[in-house]
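Derivation of every value follows stated rules applied to the coordinates shown; laboratory data play no part. The structure displayed is predicted, hence computed values, not measured ones. Please note: Cβ atoms are built from the backbone with ideal geometry, for glycine as well, and neighbour counts cover all protein chains shown.
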Amino acid sequence: MKREKPRSAADYLPVAFPAAMLAVFFGVPFGIMVAISFFRRVQGGFYEPDFVLANYGRFLSVFFGSVLGFSLELAALVAVICVAIGTPFTYLLTRMPRRWQIGWLVGLLAILALSEVIIGFAWSTLLSRTAGITNLLAAVGLVREAWSLSPSFGAVLTGMVYQAFPYTVLVLFAPVSRLDPSIVEAARTLGASPVRAFFNLVIPTLRNAILATIILVFVFALGSYLLPQLLGRPQHWTLSVLITDQAIYQSNLPFAAAMAVFLVLISLSLVGLATLLARREAT
Amino acid sequence: MQPEVPVLTGLTLEALTKRFGPVTAVDRVDLNVAHGTLVCLLGPSGCGKTTLLRMIAGLEEPTSGRILLDGTDITSLPAHRRDFGMVFQSLGLFPHLDVGENIAYPLRIRGQSRAAQNERVRQLLELVHLPGYADRPISKLSGGQRQRVAIARALALSPRLFLLDEPLSALDAKLREAMQVELTQLQRRLGITTIVVTHDQREAMTMADLVVIMGNGKVRQIGPPVEIYRRPADAFVASFIGTTNLIPARADGAQGAAVPGGRIPGLLLSQTSATLSVRPEDIALTDPESAPIRGEVTFVRDLGATIEVFINCEGTEIIAVEPPRERREIRPGARVGIAITPERCVVLPP
């Protein structure tokens, strides 16, 4: 498809409104946050305009470094698990009869309607000792008595994968359903089993879509701050949790802002790096 | 003399049926394809020919019936164990692999050595007239070249059966005709049993040893192309293969048959009424005064090599093809006479 380039200022008019909204409700607040990150904190919950680097200097410590490292690892793990489950799932979904497809998609969209709080409490109940799924194992006699699965790293991971999975499927759905079915059928007639055809052909053909989905889920998971608190121990708290803690409970907005800016810069550079690697490999 | 024992060689389909919910796509098809023949499954779109081919390939599971290859039942053998080569309508080339890797894919997954793969790819590219193309990406090829790559890939394993689903439909008319000839020559040279699905009767006439005409999921007629052209089994087949005139006729009790605009002397019908299928080239234009059938010319299509004359005989349109050498003065509105010899009429049920 070929699009004409906009020639006059009037041609840009249709994007003027979204651009203005983005500037006012995203650009300006982000600018304020960047500014605050250089301000000086005043005891008692306020700050005054200044230009100090102390806020950034403060988290160049082992503690914040390891929290940042944990946050990135957790987000990457969530992204990889979501795509690892989501790609075969979406592939099978697109080959189901239409009625089944709609049923699954409605179910997945319903998850998006749930708030993070509800997801967190639901999973902490499901993984608890008193009412959790281990009771089922105890009831059928597989184990002697029920035990608690939460709080733990596994619980955090489960909750976050659950929350990000619908996004994964929705993002993958369009490229997967555009996949030419004769590619897999050709592979079948050439002697490839269905599983082999999936790994040899479907995955490589969808490479760019899969990479884009990993990045999207990664960024999405990086911002999660409720689930790690509801389902994890303090050592499972992400940088987002610490930012919330500083901003709301410690009333240290300049430090919270500095951490937020740093997180944004780190994730932007990681996304940029991944895109760059993908492009180099494609050529 | 030895008694004739039915030996099952080649491909045999027994009452093969496929239903999609309430729709019967393929309805009890019986077919026997001897080794080395090229069979065309011909029919209008939606007649079940592609479904039939997909069942043979193992990509669609038959609702009932059996598929046998050299007497062995392969009905439930999965597609990837059948060792058939198939060319798809949309080709199904792997976009992330280059030409050589596409062709070598079936060899690679069977663990053949790199050297053996390269040698086979070289042979196959030579076979399809694309030598030296192994390192090209698929995206840089023209439609005809992609076609050849798909054919080479399907032949990489020397398959027991070579299946093609509307293989040439994406090509322009000229290239398509050239590829039909090339594909037929290739098939003759390799002697490989081949089944081609097509809706183009010209393609079937060009390529096939045996044509299977399908309509509404059923086989309507099986035979060599010329036999089907000369002796169509019913009006559907007659009108599908080539152009034909379908003329209603009645026995007139005087050693002939009455047709619109006159009669055909000497044509004896076993029933009182019938439909005659007469090819346009078998209709001769004569002097209107002495002719047994008379009509009025409504349109003349002069194509240079042939001249088609459309004649209205009491409401029935008859098309006659005139040899261009004579190029008689025939204009719309002129009265003409028609002569049809009884031997050239195919009598069909009314």
Cβ-placed point charges (K, R +1; D, E -1), dipole of the range B:84-213 about Cα centre in debye, nearest 20: 400 debye
Reachable lysines, given that their alpha-carbon falls under 23 Å from the alpha-carbon of B:Lys140 and they are not under 8 places away in the same chain: A:Lys2, B:Lys174
√(5λ) per eigenvalue of the Cα gyration tensor, the range B:123-252, largest first, Å: 35, 15, 12
5 angstrom amide H check on B:Met214, placed H, neighbours 5+ away: B:Leu42, B:Gly43, B:Arg220
MRE, 222 nm, helices only [DSSP H, n ≥ 4, -39500 (n - 2.57), over chain A, to nearest 500]: -21000 deg cm²/dmol
Dipole magnitude of the protein assembly as shown, debye to nearest 20 (Cβ charges: Lys/Arg +1, Asp/Glu -1, about Cα centre): 1300 debye
Inter-probe distance in nm under a simple model that places probes 7 Å from Cα toward Cβ, at A:Ala174 and B:Ser169: 2.8 nm
Ordering of B:72-82, A:12-22, A:235-245 by packing [mean C-beta count within 10 Å, highest first]: A:235-245, B:72-82, A:12-22
Overall dimensions of chain B as given by Cα atoms, namely Rg and Dmax in Å: 24.7, 80
Exposed-site-free run, longest, chain B (rule: GluC sites (Glu not before Pro); DSSP loop; at most 15 other C-beta within 10 Å): B:5-288
Ellipsoid semi-axes in whole angstrom, largest first, where each is sqrt(5λ) of the Cα gyration tensor of the range B:285-324: 19, 12, 6
Signed unit charges on C-beta, dipole axis of chain A, positive-most listed residue A:Val195, A:Phe220, A:Leu74: A:Val195
Neighbour-count order for B:Cys345, A:Cys82, B:Cys40, fewest beta carbons within 10 angstrom listed first: B:Cys345, B:Cys40, A:Cys82
For the protein assembly as shown, radius of gyration divided by Kirkwood radius, i.e. Rg to Rh on alpha-carbons: 1.16
Ratio Rg/Rh [Cα only; Rh per Kirkwood] for the range B:194-260: 1.10
Sites A:Phe153 and B:Leu77, calculated FRET efficiency, Cβ-Cβ separation with R0 56 Å, nearest 0.05: 0.75
Burial ordering of B:Lys18, B:Lys140, fewest other beta-carbon atoms within 10 Å first: B:Lys140, B:Lys18
Computed E for A:Ser66/B:Arg110 - FRET, C-beta separation, R0 60 angstrom, nearest 0.05: 0.75
Net charge dipole size for chain B [Lys, Arg +1 and Asp, Glu -1 on Cβ; Debye, nearest 20]: 940 debye
Other-chain or far-sequence residues with amide H under 5 Å of B:Thr298's (modelled H): B:Phe310, B:Ile311, B:Asn312, B:Gly333
Relative pair counts by distance (%), Cα atoms of the range B:245-348, 5 Å bins: 3, 14, 25, 26, 17, 10, 5, 2, 0
Whole-number D in µm²/s for the range A:192-262 (Stokes-Einstein; Kirkwood sum over Cα pairs; 20 °C, 1.002 mPa s): 144 µm²/s
Distance between the range B:175-197 and the range B:269-319 - C-alpha centres, whole angstrom: 36 Å
For a label point 7 Å along the Cα-to-beta-carbon line of B:Ala34, residues of the range B:202-221 with backbone N under 14 Å: B:209-211
Crossing angle, helix B:143-155 versus chain B [Cα axis fit, 0-90 degrees, rounded to tens]: 60 degrees
Rel. contact order, % - alpha carbon contacts under 8 angstrom, at least six apart, the range A:1-137: 7 percent
C-alpha center-to-center spacing [the range B:74-116, the range A:1-75] in angstrom: 51 Å
Percentage of interatomic Cα-Cα distances in the range A:22-282 larger than 23 Å: 63 percent
Burial ordering of B:His96, B:His35, fewest other beta-carbon atoms within 10 Å first: B:His35, B:His96
